[in-house]
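Participant: Before I ask anything, let me first share the structure, which is written out below as structure tokens.
Read the figures in this text as sums done on the coordinates, not as results from a lab. Bear in mind that the values here come from a model prediction, so they are computed numbers and not experimental data. Backbone-built Cβ (ideal geometry, glycine too); neighbour counts: all protein chains shown.
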Amino acid sequence: MKTAPFRYVRAETVEQALAALVSDEDARVLAGGQSLVPIMALRLSTPSVLVDITRCTELRSHGWDGPDLTVGAAVTDRVLERDPEVGRGHPLLARTLSLIAHPEIRARGTLCGSLAHADPAAELPALLLASDGHVLVRGPEGSRSIAAEQFFTGPFSPALQPGELVVGARVPAPRRTSGWSVEELSRRRGDFAIVGVVCVLDVGDDDRCSRARLSLFGVASTPVRARPAEQLLVGSDLQDDALDAAAAVCFDGVEVLGDEVHASAAYRRRAGTALVRRALGSAARLATGSRHD
Amino acid sequence: MSAVPYLGQRLRKSEDPRLLMGRGRFVDDVTETRLAHVAFVRSVVASGRILHVDTSAAEAVRGVFAVLTAEDLAPHCPGWRGLLSWPGMVAAEQTALATGVVRHVGEPVVLVVATSRAVAEDAAEAVVVDYEELPAVLDPVAALGADSPLVHEDLGTNLCFGSPFGSGDVEAAFAAADTVVDVQVRTSRHTAAPMEMRGVVASFDRDDRTLTVRVSSQAPQMLQTLYAQLLGLPENSVRVLTEHVGGAFGMKAFLYPDEMAVVVAATMLDRPLKWTQDRYEALQSDTQARDERVTASLALTADGRICGLRSEVVSDAGAWSMYPRSCVTEGVQVATIMPGPYRVPAYGSTLRVVYTNKAPLAVYRAVGHPPAILVMELLMDEAARALGLSAAELRRRNLLRPEDLPYTSTTGNVYDSGSHLESLERAVDMLDEERLAEHRREAERRGCLLGVGFASFIELSAPGAMFYGAKGAPITAHDQVEVAIEPDGSVTVLLGTPGQGQGLHTTAAQVVADTLGVRFEDVRVLSGDTRLVPHGSGVWASRSAVVSAGAARSAALVVRERLLVLAAHLFEAAPEDLDVSAGTIAVRGVPAAQMSVREVAAAAHWGTHRLPPDAEYSLDAVGSYAGPPSTFNNGTHAAVVEVDPATGLVRVVDYAVVEDCGVLINPDIVDGQIRGGVAQGLGGALLERVVHDPAGQPQTSTMLDYLLPTAADVPDIRIQHIETPAPTTSLGTKGVGEAGTAGAPAAIHCAVNDALSTVGARVFRQPVLPEDVLDALAAAH
Amino acid sequence: MTEPVSLEVNGRRETGRAEPRMTLVDFLRSELGLTGTHVGCEQGVCGACTVVLDGVAVRGCLVFAVQADGAQVQTVEGLGRDGLHPLQQAFWEAQALQCGFCTPGFLMTAVVALEEEPTMDRAQLRERLSGNLCRCTGYQSIVEAVARAAEQLQPRPLDGPDEGSGER
């Protein structure tokens, strides 16, 4: 379908973008458009104004702030993917990006756009959650930084106030001594995940897990941390028995949602448990491997 | 004949360069002066009465020319019925826009004409339709119950057609059998989903009273007839253009109500109108296929010989029997093809085709064969397991051998030629031990189960007039081609039937060049304008290699004969003593006596003073060819799959095809048809299904929900050809366009069950969902 | 309601007008008459609308024409200059097209893919091309064609009058 009509505003600065957003309550931000335009093309979303932020210079950069990668709202997945510094410094992000759709989508799609779109089946929100990352927001009331834990409140429901703009994200990288993995299950390469997991395991000097983050996506109304599993992992030796036990409880307390077309809740649990076990295995091997390097 | 025959050569397709350069002319590529654009308001309920339609807000939208309902169109176009003369078949009258009642989500209700598609859609949103929603009929078995709501009140039943098929004493066969195996199989609703969606540009000249319709269709002359009939125009006033069609696969062989509505509107308004479908509409309103529930049993002796076969087939026809091929063909094929390439002495089948509130079921590549072959091959594998025989061995004991031919099946199909058993042996060889061992190692490394599946089959191709014409449908089975030698010796070929990517231009040029004795490069082929070309059959049921190539040959033979009569006069020799090759005519045995085709053609046009006054000077002839009533190709497919027991995902890791479709005109084109067909079959086996919610709302209306196979899903497909010339066709060819799709769902599914059976599990539903695999594995423990 | 859009397409400056909601592919097709790029789903899934925008392969159905103002676009019409581009030639030889509707999208995807990763093996190629749907060929001949073209092509820019440097 053709989209409903809208006014187009190309913002050169964040101020201009904010002014345009505030001017109309049905204004929406256009960055990559790879998530927004398809739903507009089904007329499921009919914004009155699209505020294009892709030319705002201040939003087009990414860089390192200590262990954290900061990514401006107009930075595309492709730019991040092709930056060798990102590959070296944040291999988990690089790997996660490679799972998203296809290169032609990543060419325009933005990391921050994916966060703001808050699709429960998307990879990047889950990554942010597993990384204890933050979304950087600016609005009429000023700037704020929202923890991933608070940002995803429901399907396609980011915790943004009217007139607020996501200007960037802070995505902490796993430590060199940590293990990590990201796995997803889909019917075809590049499709939305039926179930996916981002896993970060920190290891202490005693070779035991000091911190665990297991973020599930595609299974609930938002990305969700598998806390019972995380708790079992912390303090464990990350050997097979410990990983088996953690995987077995990874869906405890998670309200798993299924659908008629792609997969039932029961399937997501079953296959997801196997997927999580596989992901834990990779992450644990990476962690213990790097400990002994 | 030319020195090296073009027949059998892997020539590049002459159609390709312009498509590669982006200069195709698909319907949406073409504009006209004063063109206006159409969008539809479609039903949002699966079943309902239209209480009220308010078009006033839509009409007021700037840029809108007209907003039309069924009442507006009725005076200009009557309804039609998708009825064939199957005994007892019932079908309701369908109109271009829904009249009073809607019967599936996506049915067109209101047509909006505006300056652009976008504006037309804006206006369409402003149309208000009040429906009284009625309970939707979604289960074809429940639909036969006495209490079921009716899809068509005036029919008094949801049963479209019911019939037994088969012959022989099935009771006795089953009573005498040592082993009986049963299956209950469900194949899911599919849709063709060609990359180019449907579309039409229609314009009506009020002075001439001529109608021109450019349409993405595989049956232009059929549409020419139908437009003329419905609009009360003489056929010589209707012109149908099909320049480039981006895939059809049987789906584009119908009179669609939305397309007809555009055509009717064009006669009412003083502008050319264009409508091209979007994918959402396509996935909701294109004809669909493969929605069958089959219960079947196979009876065998202790040494594995088939005594009898039984099946009950329920085919979910959707809301309409589409005109003119109807919704019955698929179910009939499922029932009649099922015995396959095996010696089956007795077969009894019951078919019921049932209406429901879904988009109509019609014909889609391999029509009915995939479910039929699937059921039979699943039965064979169950029997093999029960008898302790390998899948290949059981087939070996039952496949038709050359000495069995001609063989008349229990459903009246005559198999006069083929390599049924040989195709199996070759397929087995293509999966050699070393290869399989490597696959096993890989599977083990990945923690997956490995399965191998075979599917042996026959496939109906190029059925004749008995199929449709004799049943009352205005569908031509024979084809016509015109061949003309121009004054300069170049050759023009006009194809009655245009293609949608099968390389019909190229194969026709190969046949004409061989038959006429000219060079392939000197032959230009045109198609796609009913005003210019002879009346053709359209593309359907894999007929082109038989009837289109046959017609090209017939026409070329006539022209060749005339050419040689004229040349003989110029040589002062006898026509029988002349040969034509590569554009040169020579007297056999007299090397010096040579003349170019060009010279003779010039004489036939301007130099007739050199020719006898009563000679036939015209080097332009139309040939036709009907072929035999039908011809059957045969083949065996072999699939190797990995099944991941943790996730239920299935991957096809190897695929081999042995195909016998008689003589091959262009092996590369045939290979392309087979590979494309296998990919579609793979889609059906593992990915594709149309899903409705309990209210009849389609849930698969985007390409992220209706899953087509991608390059990562389809493996390399190895192909071996056996060329057993067809004894009954003029070139020895048989059709093959659908064969890949016919065998693939069975081969893949049998491979999955082979993998699962190692742990005592099976699945009997397609597509094979990961969930079904996990359920089967859990049930087996 | 319409705005001016000015961009360079296949090396030529082109201007037109577009409502903000007009996608790049619709603009190319209806305003500039470049109908080689096709519309297959309007969801970014099928890849038939793939064009090259500022050197990168993108979905023409998910970019609004106004967003491409000032950009450089390459479409299938700009692929071959004097005759067929090696990719087009390879597609022809390998019979990597049947109906031809998906072909321009595959060509533009492939030309960029081969620039970025000139030495992919067949398995990598299959994956790289898995974002473009074809309903006719079963993909094998397409993968074959791209693999053959890769062998022939040195990493080289898309043909166009501005790109005389030849070096990447």
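Participant: Taking the square root of 5 times each eigenvalue of the Cα gyration tensor, what semi-axes in Å does the equivalent ellipsoid of the protein assembly as shown have, largest first?
Facilitator: 50, 38, 32
Participant: Hey, what did chain A get for relative contact order, percent, Cα under 8 Å, at least 6 apart?
Facilitator: Averaging sequence separation for qualifying contacts and normalising by length gives 15 percent for chain A.
Participant: Averaged over its residues, how many other protein chain Cβ atoms are within 10 Å of peptide A:184-190's Cβ atoms?
Facilitator: Across A:184-190, the average partner-chain Cβ count within 10 Å equals 6.
Participant: Turning to a different aspect of this structure: Dividing the alpha-carbon radius of gyration of segment A:179-291 by 2.2 N^0.38 Å (N being the number of residues), what value is obtained?
Facilitator: 1.04
Participant: For residue B:210, list long-range residues whose amide hydrogen, built 1.01 Å from N in the peptide plane, is under 5 Å from its own amide hydrogen.
Facilitator: Amide H neighbours of residue B:210, under 5 Å, 5+ apart: B:205.
Participant: With label points built 7 Å along Cα→Cβ from the Cα atoms of residue A:99 and residue B:609, find their separation and express it in nm.
Facilitator: In this crude label model, residue A:99 to residue B:609 measures out at 8.6 nm.
Participant: Which residues in segment B:176-219 place their backbone N less than 17 Å from a point set 7 Å from the Cα of residue B:303 along the Cα-to-Cβ direction?
Facilitator: B:177-179
Participant: Return the long-range amide H neighbours of residue B:731 (sequence gap of 5 or more, or a different chain), with a cut-off of under 5 Å between placed amide H atoms.
Facilitator: Under 5 Å from the amide H of residue B:731 lies no amide H from a residue far enough along the sequence or on another chain.
Participant: Segment B:200-348: Rg/Rh from Cα coordinates, Kirkwood Rh?
Facilitator: 1.17
Participant: Let me ask something additional. Need the full-extension length gain, residue B:697 to residue B:569, defined as separation in residues times 0.36 nm minus the C-alpha distance. One decimal, nm.
Facilitator: 38.8 nm
Participant: Now, a different point. Need the C-alpha centroid separation for segment B:403-450 versus segment B:530-581, integer Å.
Facilitator: 39
Participant: Another question, if that's okay. Each label point is 7 Å from the Cα along the Cα-to-Cβ direction; what then is the distance between the points at residue B:23 and residue B:350, in nm?
Facilitator: 6.1
Participant: What distance in nm separates the simple spin-label points at residue C:116 and residue A:153, each placed 7 Å from Cα in the Cβ direction?
Facilitator: Modelled inter-label distance: 3.6 nm.
Participant: Return the Cα extents of segment A:7-52 along principal axes one, two and three, sorted largest first, each rounded to a whole Å.
Facilitator: 30, 20, 12
Participant: Something else about it: Lysine pairs in the protein assembly as shown with alpha-carbon atoms under 25 Å apart, 8 or more places apart or on different chains: how many are there?
Facilitator: Taking the protein assembly as shown as the scope, the lysine pair count is 9.
Participant: Where the only charges are on Cβ atoms (+1 Lys, Arg; -1 Asp, Glu), what is the dipole of segment A:57-172 about its Cα centre, to the nearest 20 debye?
Facilitator: So the dipole magnitude of segment A:57-172 works out to roughly 220 debye.
Participant: In addition: Lys and Arg at +1, Asp and Glu at -1: add these up for the other residues within a Cβ distance under 11 Å of residue B:641 and post the number.
Facilitator: Details: positive: B:651; negative: B:642, B:644, B:654, B:754.
Summing Lys/Arg as +1 and Asp/Glu as -1 gives -3.
Participant: Go ahead and run the numbers for FRET between residue C:123 and residue B:437, Cβ-Cβ distance against an R0 of 25 Å, rounding to 0.05.
Facilitator: The calculated FRET efficiency here is 0.80.
Participant: Now for a separate question. Step by step: find N for chain B, compute 2.2 N^0.38 Å, then divide the Cα radius of gyration by it. What's the final number?
Facilitator: 0.99
Participant: Direction-averaged shadow area of the convex hull around the Cα atoms of segment C:86-152, nm²?
Facilitator: 3.7
Participant: Remind me, relative contact order of segment C:3-75 in percent, using alpha carbon pairs under 8 angstrom and six or more residues apart?
Facilitator: 40
Participant: Defining a contact as two alpha carbons under 8 Å apart and six or more residues distant in sequence, what relative contact order in percent does segment C:86-152 show?
Facilitator: Working: 62 pairs, mean separation 37.6, N = 67.
Computed over segment C:86-152, the figure is 56 percent.
Participant: If you don't mind, there's one more thing I want to ask. Take residue B:466, project a point 7 Å from its Cα along the Cβ direction, then tell me which residues of segment B:332-351 have their backbone nitrogen under 17 Å from it.
Facilitator: The answer is B:332-340, whose backbone nitrogens lie closer than 17 Å to the label point.
Participant: Read phi for every residue in segment B:286-297 and hand back ³J(HN,Hα) as whole Hz from Karplus 6.51 cos²θ - 1.76 cosθ + 1.60, θ = phi - 60°, with x for Gly and Pro.
Facilitator: These are the phi-based 3J(HN,Hα) values: 5, 5, 10, 7, 6, 8, 10, 10, 10, 10, 8, 9 Hz.
Participant: Projected area of segment C:1-152, taken from the Cα convex hull and averaged over every viewing direction, in nm²? Show your work: numbers first, answer last.
Facilitator: On the way: hull surface 33.5 nm².
Average projection, Cα convex hull of segment C:1-152: 8.4 nm².
Participant: Based only on the alpha carbon positions, what is the Kirkwood hydrodynamic radius of segment A:57-172, in angstrom?
Facilitator: Result for segment A:57-172 stands at 14.0 Å.
Participant: How many percent of Cα pairs in segment C:3-75 exceed 18 Å?
Facilitator: Across segment C:3-75, Cα pairs with separations above 18 Å total 25 percent.
Participant: Given the peptides C:47-54, B:584-591, arrange them by the average over their residues of other C-beta atoms within 10 Å, most packed first.
Facilitator: The most tightly packed comes first, giving C:47-54, B:584-591.
Participant: Here is a further query. If the elastic network links every pair of Cα atoms under 10 Å, which of C:83, C:11, C:40 fluctuates the most in the Gaussian network model of chain C?
Facilitator: Of C:83, C:11, C:40, the Gaussian network model singles out C:83 as fluctuating most.
Participant: Right, another one. Please list the non-local residues whose amide H lies under 5 Å from the amide H of residue B:529, H modeled 1.01 Å from N, same-chain partners needing a gap of 5 or more.
Facilitator: The list, which skips near neighbours in sequence, is B:242.
Participant: Please give the length that would be gained between residue B:602 and residue B:154 if that part of the chain were fully extended, namely 0.36 nm times their separation in residues minus their C-alpha to C-alpha distance (nm, one decimal).
Facilitator: Stretched fully, the residue B:602-residue B:154 segment lengthens by 154.8 nm.
Participant: Let me ask something additional. Pop the C-beta distance of residue B:295 and residue B:343 into the FRET formula with R0 = 25 Å and round what comes out to the nearest 0.05.
Facilitator: 0.65
Participant: Also, I was wondering about something else. Go ahead and run the numbers for FRET between residue B:81 and residue B:52, Cβ-Cβ distance against an R0 of 35 Å, rounding to 0.05. Don't skip to the end; give the middle numbers.
Facilitator: Numbers: r = 27 Å, r/R0 = 0.78.
Efficiency for this residue pair is about 0.80.
Participant: Right, something else. Across segment B:769-781, in residue order, what do the Karplus-derived ³J(HN,Hα) couplings come to in whole Hz, using 6.51 cos²θ - 1.76 cosθ + 1.60 with θ = phi - 60° and x for Gly and Pro?
Facilitator: Each residue's phi maps through the Karplus curve to give 7, x, 4, 5, 5, 5, 4, 5, 5, 5, 5, 6, 8 Hz.
Participant: If you don't mind, another one. Could you run the Karplus curve 6.51 cos²θ - 1.76 cosθ + 1.60 with θ = phi - 60° over segment B:109-117 and give me ³J(HN,Hα) per residue in whole Hz, x for Gly and Pro?
Facilitator: Karplus values, whole Hz, x for Gly and Pro: 10, 9, 10, 10, 10, 8, 5, 8, 4.
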